[in-house]
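Contents: one structure, followed by commentary.
The values are calculated or read from the model by the stated rules, or taken from the named source; none is laboratory data. In this text the structure is predicted, and so the values were computed from the model without any measurement. Cβ placement follows ideal geometry from the backbone for every residue including glycine, while neighbour counts extend to all protein chains displayed. What goes into the accessible areas is simple: the full protein's heavy atoms, side chains included, and nothing from ligands, DNA or RNA. Shrake-Rupley method; radii C 1.70, N 1.55, O 1.52, S 1.80 Å.
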Amino acid sequence: MLNSDLQERLLGAVTRCMRPIARMLLGAGISYLQFAEVAKRAFVEQALGEPDSKGRTTNVSRVAVRTGLSRKEVSRVRRLIEAPARGHDSTIHIGRPARALQLWHAEPKFVDESGLPIDLPFDGGEQTFSGLMRLVGGDVPAGAVRAELLAAGGMVELPNGKFRVQKRFFVPSALDEDLIVGFSFIVAPLLETLSHNLDDPSAAFIQRVAYSDHLPQGALVEFRNVSHMQAEGLMNSIDEWISAREGTSIVSGDPPKRVGVGVFYFEGDKTSES
């Protein structure tokens, strides 16, 4: 695939953004195929929302050309977008560990008379962990999924060598609401600001960063403390300003608007590109 230098650099920057996202999604038990389905929907939704040069609604063929997807796939995703009650279809691409836990709790041969999952030996027949993985399908060895589920606490190995399920859902790390809030109120607004500033430079929103590739490690603690204190003071001041004006729209009838200013600290190795 041939790209201009600018496109290659942009893809490189996106790759750096994707690494921490991939780390968090893997920690939440979300597979690449689930993410790919969400990314595909975002591309189609964005392309559909952009009118052509004559102001007309973009059709399926144009969306297919822009996104590189087939017309059939664009039509499928558009039906998903137009039927929000169905939600995301990313669940059809759940990873094999998640699918194994799902079947372990649902398939008749893997539950007892009360409907509870039974303990499974690793192999030696159909009513085993290996038998469960044959039902899951795919080309990933049962031993690899076993290792992943043990590491994630999805099951434990008993003294008799059998495996006992511990979770109904595959979530390898301690997922909590903070991650969702972070994406919703930090990552998404930051990207929206960047996109807005590229689309409309004459009305750009504030976008500033104090950044160094050459700060001595001995100064890190001091910088963390200074940045924390100054950022805390700034955010408190802005929060007070917002709070003093939030109720006025109810009285005046002026429609409210979602606004905000975000401040965050980052630290890492020197990047290859400034």
Quiz item: Can you run phi through the Karplus equation (6.51, -1.76, 1.60; θ = phi - 60°) for the range 9-18 and list ³J(HN,Hα) in whole Hz, with x for Gly and Pro?
Solution: 5, 5, 5, x, 5, 5, 4, 5, 5, 6
Quiz prompt | For the chain, built as a Gaussian network whose Cα springs stay under 10 Å, the top-fluctuating residue of L150, L132, L190 | solution = L190
Self-check item: Computed [θ] at 222 nm, deg cm²/dmol, the chain (DSSP H ≥ 4; -39,500 (n - 2.57); rounded to nearest 500)
Solution: -16000 deg cm²/dmol
Exercise. Could you give the spread of the C-alpha atoms of the range 1-40 along their three principal axes, from largest to smallest, in whole angstroms?
Key: 35, 19, 12
Quiz item: In nanometres, what is the gap between the two model label sites at Q46 and R134, each 7 Å from Cα along Cα-to-Cβ?
Solution: 4.5
Quiz prompt | Euclidean distance of C-alpha centroids, the range 216-234 and the range 92-126, integer Å | solution = 50
Quiz item: Among R62, R168, R96, which one moves the most in a GNM of the chain with springs linking Cα atoms closer than 10 Å?
Solution: R62
Quiz item: Rg to Rh ratio, the chain, alpha-carbon atoms and Kirkwood radius?
Solution: 1.05
Practice problem: Pop out the carbon and sulfur fraction of the accessible area of the chain as a percent, whole number, probe 1.4 Å. | Solution: 57
Quiz prompt | For q = 0.09, 0.10, 0.21 Å⁻¹, Debye-computed log10 I/I(0) when each Cα of the range 1-145 counts as one equal scatterer | solution = -0.46, -0.55, -1.26
Quiz item: Residues with beta-carbon under 15 Å from that of Q207, excluding Q207: net charge, scoring Lys, Arg +1 and Asp, Glu -1?
Solution: -2
Exercise. Determine which lysines satisfy two conditions relative to K109: a Cα distance under 30 Å, and not lying fewer than 8 residues away in the same chain.
Key: K162, K167
Quiz item: Which of these, P141, P255, P172, has the largest mean-square fluctuation under a Gaussian network model of the chain (Cα springs below 10 Å)?
Solution: P255
Practice problem: Only Lys, Arg, Asp and Glu count, each charged at its Cβ (+1, +1, -1, -1), so figure out the dipole size of the chain about its Cα centre, rounded to 20 debye. | Solution: 1020
Practice problem: Work out the FRET efficiency for L33 and A244 from their Cβ-Cβ distance, taking R0 = 41 Å, and round it to the nearest 0.05. | Solution: 0.30
Quiz item: For labels at L198 and I118 in the simple 7 Å Cα→Cβ model, what's the distance in nm?
Solution: 5.6
Self-check item: For the range 157-239, Kirkwood radius (reciprocal of mean inverse C-alpha pair distance, Å)
Solution: 17.9
